[in-house]
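The values are calculated or read from the model by the stated rules, or taken from the named source; none is laboratory data. Since the structure is predicted, the reported quantities are computational estimates derived from the model, not experimental observations. Every residue, glycine among them, receives a Cβ derived from its backbone with ideal geometry; neighbour counts consider all protein chains shown.
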């Protein structure tokens, strides 16, 4: 009889947890939606989630590069893609008059998102 095993890299989650733990709660970073600011509040929420996912993808990509599992062509393509995504995020933040700090929303007892 064979045993099913779940294998995963815990280093990623430990590092992410460490980053979350180091953040402090800042009152001004709470996401507060009102009828008057619904559009900008929604933009802030969506861009915050996109930025979080972008950073997670970037960290995973660096692990793959460091692990040697990518070809030179794949590394080049990955780097170009990440740069374009970062550039587009900067463009969207300017469009909605948001800063990096604006995207760092407060998660209550968990602290700030980024």
Scan region 76-97 residue by residue and report those that are touching a helix residue (DSSP H, G or I) at 6+ places or on another chain (Cβ under 6 Å) and more than 16 Å from residue 54 (Cα to Cα). 96
Select from region 59-91 the residues that are over 15 Å from the mean Cα position of the chain (by Cα) and closer than 30 Å to residue 39 by Cβ and write down the one among them that is surrounded by the most Cβ atoms within 10 Å (Cβ to Cβ). 81
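Being loosely packed, with under 14 Cβ neighbours inside 10 Å and either in contact with a helix residue (DSSP H, G or I) (Cβ under 6 Å, 6 or more places away or on another chain) or farther than 13 Å from residue 105 by Cβ (or both) is the filter here; which residues of region 38-54 pass it?
From region 38-54, those loosely packed, with under 14 Cβ neighbours inside 10 Å are 38-39, 42, 46, 49, 53; that's our starting set.
Result: 38, 39, 53.
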Report, ordered by the first and then the second residue, all pairs with beta carbons closer than 6 Å, sequence separation of six or more or different chains, a first member in region 39-64 that is more than 17 Å from residue 91 (Cβ to Cβ), and a second member that is at pLDDT 85 or above and not in a helix (DSSP H, G or I). 64/70
Being assigned to a loop (DSSP other than H, G, I, E, B) and modelled with pLDDT of 85 or more: is that true of residue 70 here? yes
